[in-house]
């Protein structure tokens, strides 16, 4: 990993020279791109310079330690500081996720288990809404289909932070979430297992995904609620089909056809961006011969065991016996375990 430092230091110095040339700023797009890359490399260079300075001080302290007690006392302090800066530099060298600064669209869908699965989907939605609230993020329910017992067959919600960065934390939530508990409808007190699916997508801007209007088929129909109950008497619900990919988005949460179409296009852009990201990651994985990502949406990622008040994440082995608090939005512990695992995988990937 540290073998790449020389190239990074040289590139950073070259960028600094280029950005110091007034002529480069005549092309604003080029200047912006150079500035962005310079900002990406600066933390690495700063960490390296700080480490080099401490190593120089440590060498001097060791030379003078034989004759001076104050320098002997300084050696362990400088050694500890060197280890700290080594960690800082190692973290700075971790390849960044270009979508980390984005907000997200999160979808929860009931799966195996019928009504119990729909109730669990509702519990997951509440958990994410409470987690967002703890972090001061804003949430907006884009579309929801409720079940007869008050859960959700499926629900889509936008999660936004003032300065973005929601994807950095919530991207690990995608996958099949399994619950083990006694359902409210169970008269014998038996524990049942059911599941719900979570899909997390970085919310795409218009510049991220180009959609040709000719590639869209838009159908309108009458909205309906639980059990087929009519919500309104106009054709306000919208189904958008992206013909080239077969991606279908349906929206009926808003009262007007226009609002449902706008919400549907937000979800469609996010889904198409997610597909493009997955395709890029699959290609990169094939080239490296190893999968770096820790998140595989096709596998069961987590189990929520109510009788034992236990949460288990199957990707990292993380276990916690405060399930009640986690369901109330205290997700930072399990998410941090996934961040750490992903960082370790990305570091390992730099050695390929």
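Scan the stretch 90-137 for residues that are surrounded by 22 or more Cβ atoms within 10 Å (Cβ to Cβ) and within 30 Å of residue 51 (Cβ to Cβ) and jot them down.
Passing the criteria: none in range.
I'd like to know if the stretch 131-142 contains one or more residues that are in contact with a helix residue (DSSP H, G or I) (Cβ under 9 Å, 6 or more places away or on another chain), assigned to a loop (DSSP other than H, G, I, E, B) and in contact (Cβ under 8 Å) with a residue 40 or more places away in the chain.
no
Within the stretch 175-198, identify whether any single residue is in contact (Cβ under 8 Å) with a residue 40 or more places away in the chain, crowded, with 19+ Cβ neighbours inside 10 Å and more than 17 Å from residue 117 (Cβ to Cβ), and answer yes or no.
There is no residue in the stretch 175-198 that is in contact (Cβ under 8 Å) with a residue 40 or more places away in the chain, crowded, with 19+ Cβ neighbours inside 10 Å and more than 17 Å from residue 117 (Cβ to Cβ).
Within the stretch 10-31, which residues are surrounded by fewer than 11 Cβ atoms within 10 Å (Cβ to Cβ) and either assigned to a helix (DSSP H, G or I) or under 26 Å from the mean Cα position of the chain (by Cα) (or both)?
Correct list: 10, 17, 22, 23, 26, 28, 29.
Please go through the stretch 221-246 and pick out each residue that is surrounded by fewer than 14 Cβ atoms within 10 Å (Cβ to Cβ) and modelled with pLDDT of 80 or more.
Once the filter is applied, which keeps residues that are surrounded by fewer than 14 Cβ atoms within 10 Å (Cβ to Cβ) and modelled with pLDDT of 80 or more, the stretch 221-246 yields 221, 243, 244, 245, 246.
Name the single residue, out of those in the stretch 247-260 being in contact with a strand residue (DSSP E or B) (Cβ under 8 Å, 6 or more places away or on another chain) and farther than 15 Å from residue 105 by Cα, that is modelled with the lowest pLDDT.
Taking the stretch 247-260 and keeping what is in contact with a strand residue (DSSP E or B) (Cβ under 8 Å, 6 or more places away or on another chain), we get 247-253, 257, 260.
Imposing the further condition that a residue be farther than 15 Å from residue 105 by Cα reduces the set to 247-248, 252-253, 257, 260.
On the way: 247: 91, 248: 91, 252: 86, 253: 80, 257: 87, 260: 89.
The selected residue is 253.
Could you list, in sequence order, all residues of the stretch 68-118 that are in contact with a helix residue (DSSP H, G or I) (Cβ under 6 Å, 6 or more places away or on another chain), farther than 30 Å from residue 36 by Cα and modelled with pLDDT under 90?
Within the stretch 68-118, 71, 111 meet the criteria.
Quick check on residue 96: is it in a loop (DSSP other than H, G, I, E, B) and either without any contact (Cβ under 8 Å) to a residue 60 or more places away in the chain or assigned by TED's automatic domain parsing to the domain that holds residue 45 (or both)?
Details: in a loop (DSSP other than H, G, I, E, B): yes; either without any contact (Cβ under 8 Å) to a residue 60 or more places away in the chain or assigned by TED's automatic domain parsing to the domain that holds residue 45 (or both): yes.
So residue 96 fits the description; yes.
Would you pick out the residues in the stretch 261-307 that are modelled with pLDDT of 90 or more, over 21 Å from the mean Cα position of the chain (by Cα) and surrounded by 12 or more Cβ atoms within 10 Å (Cβ to Cβ)?
The answer is 305, 306.
Mind checking whether some residue in the stretch 52-67 is touching a residue at least 40 places away in the same chain (Cβ under 8 Å) and either within 26 Å of the chain's Cα centre (by Cα) or in a helix (DSSP H, G or I) (or both)? Before the answer, list the steps.
From the stretch 52-67, those touching a residue at least 40 places away in the same chain (Cβ under 8 Å) are none; that's our starting set.
Among the residues of the stretch 52-67, not one is touching a residue at least 40 places away in the same chain (Cβ under 8 Å) and either within 26 Å of the chain's Cα centre (by Cα) or in a helix (DSSP H, G or I) (or both), which makes the answer no.
So residue 159 passes all but one of these: (1) under 12 Å from residue 203 (Cβ atoms); (2) surrounded by fewer than 18 Cβ atoms within 10 Å (Cβ to Cβ). Which condition number does it fail?
(2)
More than 30 Å from residue 87 (Cβ to Cβ) and in contact with a helix residue (DSSP H, G or I) (Cβ under 8 Å, 6 or more places away or on another chain): which single residue out of 24, 8 fits that description? First the steps, then the outcome.
On the way: 8 fails: more than 30 Å from residue 87 (Cβ to Cβ).
None of the others qualify; the one that does is 24.
The values are calculated or read from the model by the stated rules, or taken from the named source; none is laboratory data. Being a predicted model, the structure only gives us computed values, none of them experimental. Because the Cβ atoms are built from the backbone with ideal geometry, glycine has one as well, and the counts that use them run over all protein chains shown.
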